[in-house]
1. Would you please name the residue that is farthest from the chain's Cα centre (by Cα), looking only at residues in the range 112-133 that are of a type in the set (Lys, Arg) and under 20 Å from ILE8 (Cβ atoms)?
2. Considering only the range 1-29, how many residues are over 30 Å from ASP52 (Cα atoms) and either of a type in the set (Val, Ile, Thr) or without any contact (Cβ under 8 Å) to a residue 60 or more places away in the chain (or both)?
3. Starting from residues that are touching a helix residue (DSSP H, G or I) at 6+ places or on another chain (Cβ under 8 Å) and charged (D, E, K, R), keep the ones in the range 24-78 and report whichever is nearest to GLN134 (Cα to Cα).
4. Check LEU387, LEU372 and return the single one that is under 29 Å from ASN43 (Cβ atoms), surrounded by 12 or more Cβ atoms within 10 Å (Cβ to Cβ) and at pLDDT below 85.
5. Taking only pairs six or more apart or across chains, which ones have beta-carbon atoms under 8 Å, a first residue in the range 147-174 that is outside any strand (DSSP E or B), and a second residue that is basic (Lys, Arg)?
6. Considering only the range 298-335, state which residues are surrounded by 14 or more Cβ atoms within 10 Å (Cβ to Cβ) and in a helix (DSSP H, G or I).
7. Got a sec? Which helices (runs of 4 or more DSSP H) wholly within the range 368-425 have at least 1 residues that are acidic (Asp, Glu) and more than 26 Å from ARG133 (Cα to Cα)?
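The values are calculated or read from the model by the stated rules, or taken from the named source; none is laboratory data. Keep in mind that what you see is a predicted model, and the values were worked out from it rather than measured. Glycine gets a Cβ as well: all are built from the backbone with ideal geometry, and neighbour counts include every protein chain shown.
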Amino acid sequence: MIIDNVSIYVKAGDGGNGCVAFHREKYISHGGPDGGDGGNGGNIILEVAPGDNTLLKYKYKHKFVAQNGDNGQNSKFHGKTADDMILPVPEGTVVKDKKTGKVIIDMSDCKRFVLCRGGRGGWGNQHFATPTRQIPRFAKSGITGEEREVILELKMLADVGLVGMPNAGKSSILSIISDAKPKIADYHFTTLSPNLGVVRTGEGTGFVAADIPGLIEGASEGAGLGHEFLRHIDRCRLIIHVVDISCFEGNNPVNDLKIIDEELSKYSEELGKRPQIVVANKSDILDEQLFDREEFENYVKSLGRQLIYVSAATGENIDKMIKLADENLKKLPPIKIYETEYDITQLPIQSTSHDTVIRNENGVYVIEGDWLYKVMGSVNFDDHESLMYFQRVLKNSGVIDALIEKGAKDGDTVSIYDFKFDFIR
């Protein structure tokens, strides 16, 4: 079973908090601050998994959270940096931001990519010692790791895409020209998922072909099976359009061509203009009374496409078809790689690290925010210098200005997670 489009939530680990500690040792009465730094949170990293051709592992699990960094300790011991979380994806997976739909990265070069960066660990109180502040009783909290929702969309890396109506013979052709072993049977929709095969054209040379499940009229709008797999033709440099010319099922080869072309164009205007070779299959059982050869050839000629008659059953002209496809590929540009549509550092991160809620409850200004709660965990409210540090955080983060905008005046009560104080501008 192929799963080629999933939505997942990813979050990097938070940085560990810095430690507030003072050196204690026999015969040393004033050891000074020695709180260690917190460790960095783990990153979320995407990595290409060789041989994978499905996103099945993400069908049932949609949430991935990396470990947090450990808190700093006394004796200047740093907290442990958390391990990165590696998410394997098939080669050719396009990662998009779920909110905007824009491309973040195309995993087609087998390089690792950091999707979410872990938060940095906070400084221990050893960093805040100065000649005038020799016993700092506060440390810095770790930074929250990045988080976002993304869409993983698999677009297979194939040079050639075999398309056509159901039962036109695409799977049979792929099984002959490559080592692929697709399911083959004499009924519609035998192929339920795309199949890939490597076609050898010489010593160390060849191309990759993909057999796309049969398309029908309305496929671009969700009819049949084709809609789910049209994305896999996006990268194909050349399309081999397989047409059943036996006419045993009452089909009209010209109409079959028109239907598939229309569905390709509806899905993507660019895809509709992709170079094509028309492969007239089942020539060994061709009934000249049913098949209007002149009409068919004139129509293909009007499209400016090359035409070749083959038989997947007998192997007739299959070698010529491979040679023709190879000649065309040598003239075409390389497989399309989707460019990143914005800098990863500029992505909308869903972390609430600076989201602040201020509301007036019976004359008391209540302030809430995950980042504030984390900062308060590293503040010693019994220490004057630590309180001054907390005041600077509120001012620099814009909380004080936000209180003024809400109408706070001198003497009003402000409550931040049960810590209350009188507001003074």
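1. Checking each candidate, the answer is ARG117.
2. 8
3. ASP34
4. Answer to the check: LEU372.
5. Taking only residues 6 or more apart or on different chains, the pairs are LYS155/ARG231; LYS155/ARG235; MET156/ARG235; LEU157/ARG235; ALA158/ARG235; ASP159/ARG237; GLY169/LYS282; SER171/LYS183.
6. Matches in the range 298-335: TYR299, VAL300, ILE318, MET321, ILE322, LEU324, ALA325, ASP326, ASN328, LEU329.
7. Working: elements: 370-376, 384-396, 399-405.
Qualifying helices (runs of 4 or more DSSP H): 370-376, 399-405.
Here's the yes/no breakdown for (1) within 30 Å of ILE233 (Cβ to Cβ); (2) among the aliphatic types (A, V, I, L, M); (3) in the same structural domain as GLY124 (by TED's automatic domain parsing):
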{"position": "ASN5", "(1), (2), (3)": "yes, no, yes"}
{"position": "VAL10", "(1), (2), (3)": "yes, yes, yes"}
{"position": "GLY15", "(1), (2), (3)": "no, no, yes"}
{"position": "HIS23", "(1), (2), (3)": "no, no, yes"}
{"position": "ASN53", "(1), (2), (3)": "yes, no, yes"}
{"position": "GLY69", "(1), (2), (3)": "no, no, yes"}
